[in-house]
2 protein chains.
Amino acid sequence: MKRRSFSVTLNEAETQQLRLEARYGTASDFSPPFWNSTIDSLLNHRSIRSYLPKPLPQGTLELLVAAAQSAPTSSGLQAWSVVAVQDPQRKARLASYTGGNAHILAAPLFLVWLIDLTRLRAVARQHGNEGEGLDYLESFLIGTIDAALAAQNAVAAIDSLGLGSCYIGGIRNQPQNVARELQLPPETVAVFGLTVGYPDPNVITDVKPRLPQSSVLFHETFSGSAAEDLSAYDDIMKAFQTKQSLPKVGWTSSVAKRVENADALSGRAQLSGILREFGFPLK
Amino acid sequence: MKRRSFSVTLNEAETQQLRLEARYGTASDFSPPFWNSTIDSLLNHRSIRSYLPKPLPQGTLELLVAAAQSAPTSSGLQAWSVVAVQDPQRKARLASYTGGNAHILAAPLFLVWLIDLTRLRAVARQHGNEGEGLDYLESFLIGTIDAALAAQNAVAAIDSLGLGSCYIGGIRNQPQNVARELQLPPETVAVFGLTVGYPDPNVITDVKPRLPQSSVLFHETFSGSAAEDLSAYDDIMKAFQTKQSLPKVGWTSSVAKRVENADALSGRAQLSGILREFGFPLK
C-alpha cells in the first residue's frame with residue numbers, strides 16, 4: 001500500500017515536469033505545489049489544424065457556449081456574440097477570406113467570435129439614452145476582452161474533452177467580406193475565428209515552447225526581457241523546428257518579419273479605418 | 001452493480017443540470033453530451049472579492065503563469081507580460097487608482113496584465129527593421145487578445161484549484177499612475193488586473209446568471225438578440241439580486257447607465273489619447 005502510493009506520487013511529479021519541459025523546451029526551475037486534470041489539460045494545449053471528418057455530438061456547441069458564457073465579463077456587459085458556422089459552402093467562403101486556412105473547411109464547426117456593441121446600444125436607447133460611452137475605444141476594448149475571455153473558456157473545455165481547436169486571426173484580414181457573409185449589423189465585428197473538431201490522430205502536433213518565464217513575469221515593477229533570455233529562446237525554437245521538420249528560423253527573426261511594416265499585417269493595417277465604417281468611432 | 005452505475009449517472013446528470021440552471025437562472029433546454037471536472041469548474045465560476053489572509057504556496061505564481069503561457073498566441077508573438085504585485089503598500093496604491101477595490105489589498109497576489117509591444121519592437125530592431133507594423137491598431141489588438149487568453153487560462157487554473165480571482169478593469173481608470181507605480185516603459189500598458197487568493201468561506205458568492213444562449217449564439221448568420229429574451233433576462237437578474245439582497249435593478253437599466261456617456265467610463269474615455277502618449281499610435 002505504502003509503496004504503491006509512493007510510486008503514484010513519483011509518476012505524477014514526473015508528468016508535471018514533462019509538461020513543463022515541453023512548454024518551455026527546457027527543464028523547469030520550479031516545482032508546482034498543486035496539480036490536477038484541468039491544469040494538466042491547460043499545460044498540454046496545442047493548436048489543432050487537422051481534423052477528422054466526424055460531426056460533434058448534439059449539444060456540444062451549447063456546452064461550449066455555456067463554458068464561454070461562464071467567463072468573467074466587464075460590469076456584466078457581455079459585449080460579445082458568436083456565430084456558429086457549419087455549412088460547408090459558408091466555411092469555404094470564410095476560409096478564402098482568411099488567407100486560406102484549409103482547416104476551417106475540415107473542422108465540423110467554425111465559431112466566429114464577435115465584438116457586439118449593437119445589443120448594448122439598443123438597451124441604452126430602450127432606457128432613453130444614446131449609449132455615448134459605446135463610442136469610445138474603451139468600449140471596443142471591453143468587447144475584445146469579453147470575447148477573448150469567453151472564447152478561451154471554450155478552448156479550455158475543448159481541450160479537456162480531447163477535442164481540438166485553432167484560433168483564426170485571419171478573420172480580420174477582410175472584415176467587410178466576413179461581415180457580408182455573416183450579415184453583421186453595424187457595431188459588430190468578427191474579432192477572431194475558432195475551428196473546432198476531433199483531432200486527426202495520424203497528425204502529431206507537439207506542444208510549442210513559450211518564452212522563459214523570466215521574459216514575461218516581473219515582480220513588483222516591470223524590468224523587461226533580457227536579451228540573453230530571448231536568444232536562449234531562439235535556440236529552443238530552432239531545436240523545436242528542427243524536430244518538427246520545419247524551417248529553422250527561430251523566434252526573433254520570425255517576429256521581426258511579422259511586425260516589419262503595414263504589408264506584413266495581411267490587410268489588417270486597414271482595420272482602424274474599417275472599424276470606423278462599421279460604427280466603432282474608437283474615440 | 002447495474003443499479004449503482006445507474007444511480008451515479010443520474011447524479012451526474014442532476015449536477016450538470018444544476019450547474020446550467022445556476023448559470024442561466026432557469027432550467028437548461030439542452031443535455032450536455034460530455035462532462036468532466038474541468039467543465040464543471042468552468043461552469044461553476046464566480047468572481048471572488050473576499051479573501052483569507054493566507055499566502056499562496058511557493059510555486060503557485062509560476063504555475064499560474066505556465067498555464068497562462070500555454071494559451072494560444074497570435075503568430076507566436078506573445079505580446080503580453082505580467083507584473084506580480086505582493087507588496088502591501090504597492091497594492092494599496094494600485095487599489096486607490098482603480099476606484100477603491102478593497103480586495104486588491106486583501107488578496108495575497110495582484111497580477112497586472114500588460115499589453116507589451118516593447119519586447120517585439122526591440123526584437124525587430126535587432127533584426128534591422130523598425131517594426132512599423134506595431135504602430136497599427138491591429139498590433140494593439142493582438143496584445144489585448146493575447147493578454148486576455150493568457151489571463152483566462154490562469155483563471156481556469158485558479159478555479160480548478162479552489163482558489164479565487166477577480167478581474168479589475170479599473171486598472172484602466174488612471175493608466176499614468178499605474179504606469180509610474182509599475183515603472184512601465186513606452187509601448188506597454190496595464191490592460192486589466194486580477195486579484196488571486198483563497199476565497200473567504202464565510203462569504204458566499206453565487207454563480208451569476210448570464211444572457212440566454214439565444215441572445216449570444218447565432219447559427220450561420222447573425223440574427224440579433226430578441227427584445228423578449230433580454231426582458232426575460234432582466235427578470236432573472238432581478239430575482240438573483242433579490243436573493244443576494246442587492247438593489248433590484250435588473251440588467252438592462254444597469255447596462256444603460258454603464259454606457260450612457262463619457263463620464264460613466266470612470267476616466268477611461270481618455271484612454272485612446274493616453275495610449276498614444278504611451279507609444280501606441282493605433283494607426
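The values are calculated or read from the model by the stated rules, or taken from the named source; none is laboratory data. No experiment lies behind these values; they were computed from the predicted model shown. Here the Cβ is made from the backbone with ideal geometry for all residues, glycine too, and neighbour counts use every protein chain on show. Side chains included, ligands, DNA and RNA excluded: accessible areas come from the protein's heavy atoms. Shrake-Rupley method; radii C 1.70, N 1.55, O 1.52, S 1.80 Å.
Is there a quick way to get the dipole size of chain B? I mean about its Cα centre, with the Cβ of Lys and Arg at +1 and of Asp and Glu at -1; what is the value in debye to the nearest 20?
Numbers: 26 positive and 26 negative charges, 151 e Å.
Using Cβ point charges on Lys, Arg, Asp and Glu, chain B gives about 720 debye.
Relative contact order (percent) for chain A, with alpha-carbon contacts under 8 angstrom and 6 or more residues of separation?
23 percent
When Cβ neighbours within 10 Å are restricted to other protein chains, what is their mean count per residue of peptide A:119-128?
Rounded to a whole number, the mean comes out at 6.
Under 26 Å between alpha carbons, and skipping anything fewer than 8 positions from A:LYS91 in its own chain: which lysines qualify?
Those lysines meeting the cut-off are A:LYS54.
What is the mean number of Cβ atoms from other protein chains located within 10 Å of the Cβ atom of each residue in peptide B:53-65, rounded to a whole number?
4
Can you give me the distance in nm between label points at A:ALA239 and B:ALA262, each placed 7 Å from the Cα along the Cα-to-Cβ direction?
About 5.4 nm, to one decimal.
If each residue of separation counts as 0.36 nm, what is the full-extension length gain between B:ALA92 and B:GLU130 once their alpha-carbon separation is subtracted?
Length difference between fully extended and current span is 9.8 nm.
Considering only the other residues whose Cβ falls under 14 Å of the Cβ of A:LEU161, what net charge follows from Lys and Arg at +1 and Asp and Glu at -1?
Details: positive: A:LYS54; negative: A:ASP40, A:GLU62, A:ASP159, B:ASP40.
Overall, the nearby charge balance is -3.
Taking only Cα atoms, what is the 0 to 90° angle, nearest 10, from helix A:227-243's long axis to the longest principal axis of chain A?
Here the helix axis deviates by roughly 80 degrees.
Hey, what's segment B:1-143 come to in accessible area per residue, 1.4 Å probe, Å²?
I get 43 Å² per residue for this part.
Would you be so kind as to identify which of B:LEU105, B:ILE142, B:VAL85 lies farthest towards the positive end of the dipole of chain B, taking Lys and Arg as +1 and Asp and Glu as -1 on Cβ and the Cα centre as origin?
Looking along the dipole axis, the top candidate is B:LEU105.
Is the C-alpha gyration tensor of chain B telling us rounded, prolate or oblate? Criteria: a/c under 1.5 is rounded; beyond that, a/b larger than b/c is prolate, otherwise oblate. Write out the running numbers ahead of the final one.
Working: a/c = 1.60, a/b = 1.51, b/c = 1.06.
It comes out prolate by the Cα gyration axes.
What's the carbon and sulfur percent of chain A's accessible surface, probe 1.4 angstrom, rounded to a whole number?
C and S fraction of accessible area: 51 percent.
Once A and B are treated as a pair rather than alone, how much accessible area drops out, both sides summed, in Å² to 100, probe 1.4 Å?
10200 Å²
Summarise the partner chain shielding of B:220-230 as one whole number: the mean count of Cβ atoms from other chains within 10 Å of each residue's Cβ.
Values: counts 9, 8, 14, 4, 8, 8, 0, 3, 0, 0, 4.
Across B:220-230, the average partner-chain Cβ count within 10 Å equals 5.
Quick check on the protein assembly as shown: take the gyration tensor over C-alpha atoms, sort the square-rooted eigenvalues as a ≥ b ≥ c, and tell me if it's rounded (a/c under 1.5), prolate or oblate.
Cα axes put the protein assembly as shown in the rounded bin.
Please sort by residue number the GluC sites (Glu not before Pro) in segment A:185-247 whose DSSP state is loop and whose Cβ has at most 15 other Cβ atoms within 10 Å.
Sparse-neighbourhood loop GluC sites (Glu not before Pro): A:GLU220.
In debye, nearest 20: dipole of segment A:102-211 around its Cα centre with unit charges on the Cβ of K, R (+) and D, E (-)?
Details: 7 positive and 11 negative charges, 32 e Å.
Charge dipole, segment A:102-211, about its Cα centre: 160 debye, nearest 20.
Taking the Cα centre of each part, how many Å lie between segment A:118-136 and segment A:57-71?
Cα centroid to Cα centroid, the span is 28 Å.
Using the Cα centre as the reference, give the magnitude of the dipole from point charges on the C-beta atoms of the protein assembly as shown (Lys, Arg: +1; Asp, Glu: -1; all else neutral), rounded to the nearest 20 debye.
Roughly 700 debye for the protein assembly as shown.
What is the helix-to-structure angle for B:2-24, meaning the angle in degrees between its Cα long axis and the longest Cα principal axis of chain B, kept from 0 to 90 and rounded to the nearest 10?
Roughly 50 degrees, rounded to the nearest 10.
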